[in-house]
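In what follows, a structure is listed as structure tokens, so that the remarks can point back to it.
The values are calculated or read from the model by the stated rules, or taken from the named source; none is laboratory data. Predicted model, so just to flag it, every value in this text is computed and none were measured. Reconstructed Cβ throughout: ideal geometry from the backbone, glycine too, with neighbour counts over all protein chains shown.
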Amino acid sequence: MGIFDFFKKAGSSVFKNEEAEAAKEAAEAAAANARKESLLADIITSTGIEIENLEVKLSGDLVTVHGSADSQSDKEKVILALGNIDGIAAVDDRITVEEQVEQSRFYTVKSGDTLSKIAKAQYGNAMKYMEIFEANQPMLEDPNKIYPGQVLRIPNLD
């Protein structure tokens with residue numbers, strides 16, 4: 001028994017194909033991730049909410065969003081727009097805000113919920129459902145179309 005020395009650059013190149021394939025797969029995964037990040041940024045842009053120096057990074061099911069918003073409301077809407085996308089489990093908020101105000105509460109819709117029922121529970125008045133609806137536009141297009149698991153902004157009422 002003992003150690004036998006070989007010239008490592010000679011012989012069949014079994015590992016080169018595996019290394020090349022691994023490099024190709026890594027490049028394809030990086031390109032797919034970049035496309036997803038671009039799509040997420042496009043979703044934010046499509047809401048009409050302006051975020052200065054917007055940057056979106058995706059790592060697995062975590063989205064990190066950077067930029068500067070004019071208001072706390074805009075910041076929260078961006079977080080909800082990203083967080084309510086299938087496949088996204090968390091949003092790392094790195095958005096700065098010019099106008100500092102109290103943050104809204106977030107509410108996860110349960111089966112059987114309506115905006116009126118949520119307003120009754122949150123504000124004590126079912127007729128305040130429009131405040132919740134308006135606080136979640138443009139993500140909500142119809143006050144009757146919410147779904148279990150969706151996260152909504154519940155703004156603080158003055």
Hey, which of the helices (runs of 4 or more DSSP H) in the range 47-158, taking only ones fully inside, have at least 1 residues that are in contact with a Pro (Cβ under 6 Å, 6 or more places away or on another chain) and among the hydrophobic types (A, V, I, L, M, F, W, C)?
115-123, 129-135
Can you name the condition, by its number, that Ala89 falls short on among (1) of a type in the set (A, V, I, L, M, F, W, C); (2) touching a helix residue (DSSP H, G or I) at 6+ places or on another chain (Cβ under 8 Å); (3) surrounded by fewer than 18 Cβ atoms within 10 Å (Cβ to Cβ)?
(2)
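The rows are residues; the columns are (1) surrounded by 12 or more Cβ atoms within 10 Å (Cβ to Cβ); (2) assigned by TED's automatic domain parsing to the domain that holds Lys57; (3) hydrophobic (A, V, I, L, M, F, W, C); (4) within 30 Å of Ser59 (Cα to Cα).
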| position | (1), (2), (3), (4) |
| --- | --- |
| Thr96 | yes, yes, no, yes |
| Ala119 | yes, no, yes, no |
| Met127 | no, no, yes, no |
| Ala135 | yes, no, yes, yes |
| Pro148 | no, no, no, yes |
| Arg153 | yes, no, no, yes |
| Leu157 | no, no, yes, no |
